[in-house]
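Here the structure is laid out as structure tokens; the discussion comes afterwards.
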Amino acid sequence: RSEAQISLQVARRLGHNGLLQFDDLGVERVLAQVPRSDVINDYLRSTIGALEERPEFVDTLEVFLEHGGNKVATAAALPMHRSSLVYRLNKISDMLGSIDLDDPERRFELWLALRLRRIVGLTGDSPD
């Protein structure tokens with residue numbers, strides 16, 4: 001695929017309005033070239049699928065990961081009281097099988113799954 005096609009596809013998937021340069025995509029330029037498949041859908045379902053019915057939990061997890069696990073910054077960005085954020089993060093952890101959201105490897109896996117979800121497609125979608 002050409003760089004322009006990838007930029008356009010990623011911009012649409014991310015809901016980006018305006019010009020988006022290929023070089024500005026970061027990891028998305030790689031993820032956009034991952035073929036959508038049953039393997040990807042299975043990975044997304046097993047990693048973050050439990051959150052699909054709770055979009056507010058998906059949003060919270062994304063903001064939390066974007067802020068490097070900093071709860072104060074995450075609460076301010078949402079905006080949400082810190083104790084409410086902690087409660088919600090505990091619920092997210094429980095829904096995902098009591099995973100440790102402070103574990104850097106787990107955070108990376110969740111971040112990757114959320115990016116794949118945005119770029120490649122939502123869980124439950126059939127492959128193209």
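The listed residues are L85, L89, and the only one of them that is modelled with pLDDT of 95 or more, open to solvent by less than 60 Å² (accessible area, probe 1.4 Å) and more than 16 Å from the chain's Cα centre (by Cα) turns out to be L85.
From the list E66, E53, pick out the single residue that is within 15 Å of D94 (Cα to Cα) and modelled with pLDDT of 90 or more.
Checking each option against the conditions leaves just E53.
Once the stretch 1-49 is narrowed to residues that are acidic (D, E) and farther than 15 Å from V120 by Cβ, the residue that is surrounded by the fewest Cβ atoms within 10 Å (Cβ to Cβ) is D23.
Which count do you get for residues in the stretch 65-82 that are assigned to a helix (DSSP H, G or I) and open to solvent by 60 Å² or more (accessible area, probe 1.4 Å)?
Counting residues in the stretch 65-82 that are assigned to a helix (DSSP H, G or I) and open to solvent by 60 Å² or more (accessible area, probe 1.4 Å) gives 4.
Looking only at residues of the stretch 92-112 that are aliphatic (A, V, I, L, M) and at pLDDT 95 or above, we find that the one that is most open to solvent (accessible area, probe 1.4 Å) is M95.
For the stretch 96-113, the criterion of being of a type in the set (V, I, T) and part of a helix (DSSP H, G or I) is met by none of the residues.
The values are calculated or read from the model by the stated rules, or taken from the named source; none is laboratory data. As the structure is a computational prediction, the values presented were derived from the model and not from experiment. All Cβ positions, even for glycine, are placed from backbone atoms using ideal geometry, and neighbour counts span all protein chains on display. What goes into the accessible areas is simple: the full protein's heavy atoms, side chains included, and nothing from ligands, DNA or RNA. Shrake-Rupley method; radii C 1.70, N 1.55, O 1.52, S 1.80 Å.
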